[in-house]
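A short write-up of the structure that comes next.
The values are calculated or read from the model by the stated rules, or taken from the named source; none is laboratory data. Computed from a predicted model, the values in this text were never measured in an experiment. Methodologically, a virtual Cβ is constructed for each residue, glycine included, from the backbone with ideal geometry; neighbour enumeration extends over all protein chains shown. For accessibility, only protein heavy atoms count, side chains too; no ligands or nucleic acids. Shrake-Rupley method; radii C 1.70, N 1.55, O 1.52, S 1.80 Å.
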Amino acid sequence: MALMARVFVYGTLKRGQPNHKVLLDPTNGCAAFRGRGRTLEPYPLVIAGEHNIPRLLNLPGQGRPVLGEIYAVDERMLSFLDEFEGCPDMYQRTLVQVTVLEWEGVRGAPEETPAADGTLQCFVYSTVTYAPEWVRLPHHDDYDFQGEHGLRYNPRENR
């Protein structure tokens, strides 16, 4: 069995969101849903730019703890996600501590099991490259492209 990396997704890659389909496409690699979680530290999750893209600003300690989903992905999917997320220019893949809220993952495999305190380390796509005014945008704790924020995401295929 290939070593799987954990990725925490908080935006359009979550189930029910416009880009979730890329995680289900086996030509991109393997992604297995493991559970739901929340960042241990707060971060500013903003909806910004001309396409209303959810962006996690890499400013730990500011904003709110962010809800999302935890996936175990293989190396091919991780490479695909790097390209999909415009890494390292638009987003940077970094590690964050995530508190597990619900777990469906395999217990017993070291890379799959949350720590005794219910946390685990996951890759996340956050950004240090953003317009300074984005810090002052409303901070969200849970993204939904149809949310009350009224900022409709413009899918890639329409750009």
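Looking at (1) under 13 Å from the mean Cα position of the chain (by Cα); (2) over 17 Å from ASP141 (Cα atoms); (3) among the small types (Gly, Ala, Ser), which one does GLY29 not meet, given that it meets all the others? Here GLY29 clears every test but (1). Close Cβ contacts (under 8 Å, 6 or more residues apart or on different chains) running from residues in the range 119-135 that are within 18 Å of ASP74 (Cβ to Cβ) and modelled with pLDDT of 95 or more to residues that are among the aromatic types (Phe, Trp, Tyr) and outside any strand (DSSP E or B) comprise VAL124/TYR10; TYR125/TYR91. Based on what the data block shows, is GLU41 open to solvent by 10 Å² or more (accessible area, probe 1.4 Å), touching a residue at least 40 places away in the same chain (Cβ under 8 Å), out of contact with any Asp or Glu (no Cβ under 8 Å at 6 or more places or on another chain) and closer than 25 Å to ASN158 by Cβ? It is false that GLU41 is open to solvent by 10 Å² or more (accessible area, probe 1.4 Å), touching a residue at least 40 places away in the same chain (Cβ under 8 Å), out of contact with any Asp or Glu (no Cβ under 8 Å at 6 or more places or on another chain) and closer than 25 Å to ASN158 by Cβ. Selection over the range 124-153 of residues that are within 21 Å of ARG93 (Cβ to Cβ), out of contact with any Asp or Glu (no Cβ under 9 Å at 6 or more places or on another chain) and open to solvent by 50 Å² or more (accessible area, probe 1.4 Å) gives a count of 2.
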